[in-house]
Amino acid sequence: MLNGIICINKPEGFTSFDVIAKLRGILKMKKLGHSGTLDPMATGVLPVFAGNATKAISILPDTDKSYLAGFKLGIVTDTEDITGKVIKEYPFSVSLEEIEKTAEAFQGNITQIPPMYSAVSIGGKRLYDLARKGIEIDRPSREITVSEFKICDFDGKTGEGHINIACSKGTYVRTLIHDMGQKLGCGAVMTSLVRTKANGFSLEDCFTLEEIEKLRDENNLDSAVKSAEKLFSALPSLTLNSKKTQMYKNGVKLRLSELDGFDGKDRYRIYSAEKNFLGIAQTDRENNILRVLKNLGQESDA
């Protein structure tokens, strides 16, 4: 059974779950999951977790995701993207310099109100379910971080362009573009979205579904699988001796004071005496012990 991450370049028109369903058929395995849902119109990096690696989804470190987003000025839709119903249309006469100046307001730590057409749940109800019934409710704003909001190109005649965006988890890119349009006074919608980076993986790491199918037929799927270890490369590591390796794999809590290399951090990548990746551990300083957080290495399957 495969254990690790396969990065898929999600095709347009597929939901993230559609990709999982397709892969279950290709890989002939059920134990699959994904991180960072993409809307059907979006393409790009979708990390898919297979086998033992699915345990990593719940403890993924918060890292920025990067996008290349297309936009068009002069339109406002109910979904904030080009697929929605047009609510208003505006004339526009905006220069690249004006857009770049406006873009400065969308960088750093800012607040954002989630769109009605989103999977956010309020009072036990999904916003998109309410939106489809024509119901709009007040939504609490949320704090997000946008580390990059850079205009790549802009055509003043058509009002169309592209933006490179790097942002924190939970950011709605189409809302950033909608809010930019409001600030410009002419409205704007997202016309396309490519996720270029997620969880430390980029488009260069990705395979199409067709390529995965071809690798399966060539009995070469392992070449597309990346270790869950890469997800946690920013964490410090601890390598256990033979005795402690066996104790750790058996679920025994190890004393922090007896661990070589322990330097007071909260979480660690754990390696066996043979230098094989075992998983992620959490320190409990109050009780002076190292707790298994998630077993992710193939050694820990037994």
Practice item. Would you be able to tell me the number of residues in the range 51-77 that are farther than 24 Å from SER147 by Cα and in contact with a Phe, Trp or Tyr (Cβ under 7 Å, 6 or more places away or on another chain)? Key: 2
Revision key, fill the gap. The correct count of residues that are among the charged types (D, E, K, R) and touching a residue at least 60 places away in the same chain (Cβ under 8 Å) in the range 235-250 is 0
Exercise for review: Select from the range 59-92 the residues that are closer than 30 Å to ARG24 by Cα and touching a residue at least 60 places away in the same chain (Cβ under 8 Å) and list them in ascending order.
Suggested key: ILE59, LEU60, PRO61, ASP62, THR63, ASP64, LYS65, SER66, TYR67, LEU68, ALA69
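One line per residue, one yes/no per condition, for (1) surrounded by 18 or more Cβ atoms within 10 Å (Cβ to Cβ); (2) among the charged types (D, E, K, R); (3) under 30 Å from GLU204 (Cβ atoms):
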position	(1), (2), (3)
LYS85	no, yes, no
PRO91	no, no, no
ALA103	yes, no, yes
GLY123	no, no, no
GLU136	no, yes, no
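One line per residue, one yes/no per condition, for (1) at pLDDT below 95; (2) more than 30 Å from GLU98 (Cβ to Cβ):
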{"residue": "ASP138", "(1), (2)": "yes, yes"}
{"residue": "ARG142", "(1), (2)": "yes, no"}
{"residue": "GLY170", "(1), (2)": "yes, no"}
{"residue": "THR175", "(1), (2)": "no, no"}
{"residue": "GLN182", "(1), (2)": "no, no"}
{"residue": "MET190", "(1), (2)": "no, no"}
{"residue": "ASP205", "(1), (2)": "no, yes"}
{"residue": "THR208", "(1), (2)": "no, yes"}
{"residue": "LYS214", "(1), (2)": "no, yes"}
Point to revise | Residue pairs meeting the criteria (Cβ under 6 Å; at least 6 apart or on separate chains; first aromatic (Phe, Trp, Tyr), in the range 251-278; second modelled with pLDDT under 90) | key: PHE277/GLY297
Exercise for review: Quickly run through the range 21-35 and pick out the residues that are surrounded by fewer than 18 Cβ atoms within 10 Å (Cβ to Cβ) and under 23 Å from SER118 (Cα atoms).
Suggested key: ALA21, GLY33
Practice item. Name the residue, out of THR208, THR196, THR175, THR158, that is within 12 Å of the chain's Cα centre (by Cα) and touching a residue at least 12 places away in the same chain (Cβ under 8 Å). Key: THR196
Point to revise | Enumeration of residues in the range 52-64 that are surrounded by fewer than 23 Cβ atoms within 10 Å (Cβ to Cβ) and in contact with a strand residue (DSSP E or B) (Cβ under 7 Å, 6 or more places away or on another chain) | key: THR54, LYS55, ILE57, ILE59, ASP64
Exercise for review: Inspect the range 36-43 for any residue being at pLDDT 95 or above, closer than 27 Å to LEU23 by Cβ and buried (at least 16 other Cβ atoms within 10 Å of the Cβ) and give the result as yes or no.
Suggested key: yes
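The values are calculated or read from the model by the stated rules, or taken from the named source; none is laboratory data. Just so it is clear, the model here is predicted, and its values are computed rather than measured. Note that we place each Cβ from the backbone using ideal geometry, even for glycine, and neighbour counts take in every protein chain shown.
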